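The block underneath contains the structure these notes are about, expressed in structure tokens.
The values are calculated or read from the model by the stated rules, or taken from the named source; none is laboratory data. Quick caveat, the model's predicted, so the values are computed rather than measured. Every residue, glycine as well, gets a Cβ built from its backbone with ideal geometry; the counts of neighbours run over all protein chains shown. For the accessible areas, the whole protein counts, side chains as well, though only heavy atoms, and no ligand, DNA or RNA atoms are used. Shrake-Rupley method; radii C 1.70, N 1.55, O 1.52, S 1.80 Å.
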Amino acid sequence: MLITKTYHDVPSKLDPNGKPIRIFVISPNVPNYPQAKIPCEIYQVTGPVERFAGQIASHGYVVACPSVYHEFQGPEAIPYDTEGTDRGNRFKIEKEVAAYDEDASLAVDLLTSLSSCNGRIGATGMCLGGHLAFRAAFDPRVLASFCFFATDIHSATLGKGKKDDSLEKVRAGKLQGEVVVRDLRSYPTRATPDHAHEQMVFGKQDTHVPRAGRDLIRQTLEDANVTATFIEVQAQHAFIRDESSKGRWDAALTRSLFSFLLEVFERNIGRDMGPKVVDNKPLEHVC
């Protein structure tokens, strides 16, 4: 499927400098498609992020990629070198968590305003973007979220002051609305109507999210009765990044998980399968 790329400069109320956020939009050449929001990594919208977005768009989704560091610099990508890594990590903890949330809301607002979109929203992202996709699920307009090696959730260190409330909001039952991140499967589910289904993917050799951190995220989701798919693979951090991955890119594994992502999006935002069926009856123990 052929795709096109454009961008929109959207005003931000929380930018202290009054600068807009640039949101890149990659979409099929045909109207009335579901939408996906891809928060970028700490390097903004780089070549790997754009190619990842393009693959999703070529399967029939209008994709929005926000440049999340608009408070500090323009929309250009940050290099994958030492200076760029240090800059991206510095911006990550200088930006207010509320400003990250506003960026996500503005991206969803933009998508729902486009005549080419059908109003059904999903989110995905990697690294910082994985955490932002996780937080996107708190917006009831987001129907599916697929998070690749999301950083800082376990340590609650996203944003200014290095103190975010992502897991606190999960404990408080804030994952609510119609999601898969809210499972819209047509067959009965164990989740309550107010809970989301988070799709989490981590590499077991990821030094950014150690085993104890992954266990904490999983336990918090389960204790809050959130329907969650939690996938751990034999990989390091940034294993889906096909450029400057520092020897960590695994193309075969990326392809396999991308197929899983497409299944989640197709089932939950690609088509309307009706209201979620909730069945909390005890499961029958059968072989």
Exercise for the section: Count, please, the residues in the stretch 81-109 that happen to be over 18 Å from PHE138 (Cβ atoms) and in contact with a Pro (Cβ under 9 Å, 6 or more places away or on another chain). Expected result: 2
Fill in the blank from the handout: Out of (1) open to solvent by less than 10 Å² (accessible area, probe 1.4 Å); (2) at pLDDT below 95; (3) in a loop (DSSP other than H, G, I, E, B), the one ALA144 does not meet is (3)
Practice task
Considering only the stretch 4-25, state which residues are among the hydrophobic types (A, V, I, L, M, F, W, C) and at pLDDT 95 or above.
Solution key: VAL10, ILE21, ILE23, PHE24, VAL25
Practice task
Filter the stretch 8-35 down to the residues that are of a type in the set (D, E, K, R) and free of Cβ contacts under 8 Å to residues at least 60 places away in the same chain, then identify the one that is farthest from ASP109 (Cα to Cα).
Solution key: LYS19
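Is there a residue being closer than 24 Å to ILE121 by Cα and without any contact (Cβ under 8 Å) to a residue 24 or more places away in the chain anywhere in the stretch 52-73? Talk me through it step by step, then tell me what you get.
Within the stretch 52-73, the subset closer than 24 Å to ILE121 by Cα is 52-70.
In the following step, the residues that additionally are without any contact (Cβ under 8 Å) to a residue 24 or more places away in the chain were identified as none.
No, the stretch 52-73 contains no residue that is closer than 24 Å to ILE121 by Cα and without any contact (Cβ under 8 Å) to a residue 24 or more places away in the chain.
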Handout entry: Counted residues, the stretch 250-274 - those being in contact with a Pro (Cβ under 9 Å, 6 or more places away or on another chain) and either part of a loop (DSSP other than H, G, I, E, B) or open to solvent by 80 Å² or more (accessible area, probe 1.4 Å) (or both)
Key = 1
Exercise for the section: Please state which of the following conditions ASN225 fails to meet, knowing it meets all the rest: (1) in a loop (DSSP other than H, G, I, E, B); (2) closer than 26 Å to PRO34 by Cα. Expected result: (2)
Problem - Filtered residues of the stretch 233-248 (kept if under 17 Å from ALA53 (Cβ atoms) and open to solvent by 70 Å² or more (accessible area, probe 1.4 Å)) - result: GLU243
Completion exercise
Scanning the stretch 199-222 residue by residue, those touching a strand residue (DSSP E or B) at 6+ places or on another chain (Cβ under 7 Å) and either open to solvent by less than 30 Å² (accessible area, probe 1.4 Å) or part of a loop (DSSP other than H, G, I, E, B) (or both) turn out to be GLN199, MET200, VAL201, PHE202, GLY203, LYS204, VAL209, ARG214, ILE217, LEU221
Exercise for the section: Check off (1) open to solvent by 10 Å² or more (accessible area, probe 1.4 Å); (2) in contact with a Lys or Arg (Cβ under 6 Å, 6 or more places away or on another chain); (3) not acidic (Asp, Glu); (4) not in a helix (DSSP H, G or I) for ALA123 and give me the number that stays unchecked. Expected result: (1)
Exercise for the section: Report yes if some residue within the stretch 59-69 is modelled with pLDDT under 95 and within 23 Å of GLU243 (Cα to Cα); otherwise report no. Expected result: yes
Exercise for the section: Report whether or not ASP165 is charged (D, E, K, R), open to solvent by less than 10 Å² (accessible area, probe 1.4 Å) and either at pLDDT 95 or above or farther than 22 Å from ARG271 by Cα (or both). Expected result: no
